[in-house]
1. With the requirement that a residue be in a helix (DSSP H, G or I) and loosely packed, with under 15 Cβ neighbours inside 10 Å, what does segment 221-253 give you?
2. Exactly one of these conditions fails for Asn495: (1) part of a loop (DSSP other than H, G, I, E, B); (2) modelled with pLDDT of 95 or more. Give me its number.
3. Which count do you get for residues in segment 443-477 that are farther than 24 Å from Pro561 by Cα and assigned to a helix (DSSP H, G or I)?
4. Checking Ile508 against (1) modelled with pLDDT of 95 or more; (2) touching an Asp or Glu at 6+ places or on another chain (Cβ under 7 Å), only one condition comes out false. Which one?
5. Out of all the residues in segment 182-197, is one or more free of Cβ contacts under 8 Å to residues at least 60 places away in the same chain, more than 27 Å from Ala230 (Cβ to Cβ) and of a type in the set (D, E, K, R)?
6. Do the conditions hold for Ser362, that is, is it surrounded by fewer than 15 Cβ atoms within 10 Å (Cβ to Cβ) and of a type in the set (Gly, Ala, Ser)?
7. For Lys156, only one of the following conditions fails: (1) touching an Asp or Glu at 6+ places or on another chain (Cβ under 8 Å); (2) under 17 Å from Ile74 (Cβ atoms); (3) basic (Lys, Arg). What is its number?
8. List the strands (runs of 3 or more DSSP E) that sit entirely inside segment 536-644 and contain at least 1 residues that are over 28 Å from the mean Cα position of the chain (by Cα), of a type outside the set (Phe, Trp, Tyr) and farther than 30 Å from Asp330 by Cβ.
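The values are calculated or read from the model by the stated rules, or taken from the named source; none is laboratory data. Just so you know, these numbers come straight off a predicted model, no measurement behind them. Every residue, glycine among them, receives a Cβ derived from its backbone with ideal geometry; neighbour counts consider all protein chains shown.
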Amino acid sequence: MAKHKPWAMTVILLSAILGGAAAGWVVSRFMNLPQVESLEEYHPSEASHIFSDDGTLMDELFIERREVVPLDRIPLHLREAVIAVEDSRFYSHHGIDFQGIARAMASNLMAGRVVQGGSTISQQLSKVLFFSPEKSLLRKIKEAIVTLQIEKRYTKDQILGLYLNQIYLGMGCYGVAAASRRYLGKDVSDITLPEAALLAALPKSPGKYSPSSNPEEAEKRRNHVLDRMAEERFISRAEAEKSKKEPVPIRVYQPLSRNAPYFVQEVVQDLESRLGKKILYQGGLSIHTTLNLRLQTIAQESLRQGLETVIKRNRRKPHAQLQGALIAMDPANGQVKALVGGYDFVSSPFDRALHARRQPGSAFKPMIYAAALEKGYQPSDILMDTPLSFTDPRTGKTWAPQNYRHEFTGPVTLRHALENSLNIPTIRLLRNVGIQNCMDLAKRLGIEEPLTPDLSLALGTSEVTLRELTAAYAAFAAQGVYSSPMLITQVYDRNGRILENHQPEQRIAFDEDAAFQMTYLLEGVVQSGTGRIARSLNRPVAAKTGTTDDYSDAWFIGYSPELAAGVWVGYDKRTPIGPGETGSMAAGPIWVFFMQEALKNKAPSYFPVPSNIVFKKINALNGEPADSDTANVVEEAFRLKRRE
């Protein structure tokens, strides 16, 4: 079969285009051409963006990575660079550049192969919006007709704006804004002349001219763009030569959410369940969150280092990875400021901060003491730390609970019992206050997991999540006001209209006076009890440890006036962490390091004292008022009277 010569094919193509344009109305009727009017309702797939609490971009959600921007946000030198190299007569022709086609034909004839195309920006836009990559004479005719219709209906600036937002530029990026972030790490409005030339080099062959994979080819093509800009007098020859000396930026791409993958995962799952996948991944949403990137980085580092220390201390190389979780929130409104759900998201994306149900051990005891304070108990009241046993009338089995050290100390104050995490006095207190009363308070404080209605509740045998327990402690810091943990503040659509505006979900869950007394008791845990490791912070903090019987769970939960945080350490399969790995030993250092760095350079703040609270000096051993001869004196917080 005879082969057509390049010039003959070009003549045939020109004739077909001219003929097709002249008889456009006939062709459109019989060829079922797309309606260019649809561009007025055209909303391309656009990436959604997730931002931290200060507006820093954290992550992108997309099927096609695209950020649609108005033409006036695209620098003039980028527009000129694209025009110079792709369609220098863009503002002169009417969609089809016959001079350009003739020039391309001559270049191709001289080279003996196709080295230059004649498609205009308008033709390229027509092709990518309305047609498949199929190569045929009929498709070329259709493309030409639609191109002329686009030129007739829209201004040149409108066409250029559509093109710059639609064109594929490699690495999953559609449009110059997405490409600027991907290749240059900056907003498109901030790029320099050589950077603009680099982006303009990509449309011809994004893979070949990628600065990430082919920096030498990218530099050659960029320099060609600069030459073309000088030839078209968009820039001077001196500017072109100066720009050529700039190195091609080679940016190693890293996922934006690498420091907050568990947080982002939860945000995405929440929005997807309410808004649907399509709008989330294609709707160009702006999602503003509560996360603080500085605190998140500290949390990530704190947990990783802490877990590695525990592993080394026990000299174990387990088949399973020791896991942990950390969550931090603002007690005033429940905004989650940091969230780490495990040792490594890639190997295990399960979020243990939000979804792991574990026994809290003694970290649950403040729920019991809080219920007692709400009922009118005072921190100086006496509990008995003496042997205790219960026989189940149905089974005949006897339960004889023990303290951690298997010792009994006789009569002790509520303060002493909580500071030293004594089991027996706490069980007696639960029995006196009432199991249901304690369960009701726990529910008001945000504990949603089902609790076992028996006396083992005092020992933290009912499973809870770290999120729940930390939020409950945060309510003590907030004078009894519980705030549901929140991750999202606002969601905007692609046009900047607000879709969701989240406000704190709050309720008065606990008496203000009792809340302060609880905080004052937990400050004592830090100063004199199981949480002494936190004394090194040298600022007012309240905290409690938690450890299960076989050392399979270690907890440390506490707060300052401005920040509440909880840490859990353990194995997913509930095997022992190691001998003596209590909440203070395994989780405490993680909590302390996090709080120390989080509050660095901030002056200590103090828990507000309600007007109904008065301080009195008492005998720490028996709770009686202290006199000049009392050896062990503590200053205790008492409420003057019950509030109505």
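1. Listed by number, the residues that qualify are Glu231, Arg237, Ala238, Glu241, Lys242, Lys244.
2. (2)
3. 5
4. With (1) modelled with pLDDT of 95 or more; (2) touching an Asp or Glu at 6+ places or on another chain (Cβ under 7 Å) applied to Ile508, the lone miss is (2).
5. No - not one qualifying residue is present in segment 182-197.
6. Values: surrounded by fewer than 15 Cβ atoms within 10 Å (Cβ to Cβ): no; of a type in the set (Gly, Ala, Ser): yes.
Considered against the rule, which asks whether it is surrounded by fewer than 15 Cβ atoms within 10 Å (Cβ to Cβ) and of a type in the set (Gly, Ala, Ser), Ser362 comes out as no.
7. Every listed condition holds for Lys156 apart from (1).
8. Details: elements: 542-547, 553-559, 564-570, 613-619, 633-639.
Ranges flagged: 613-619, 633-639.
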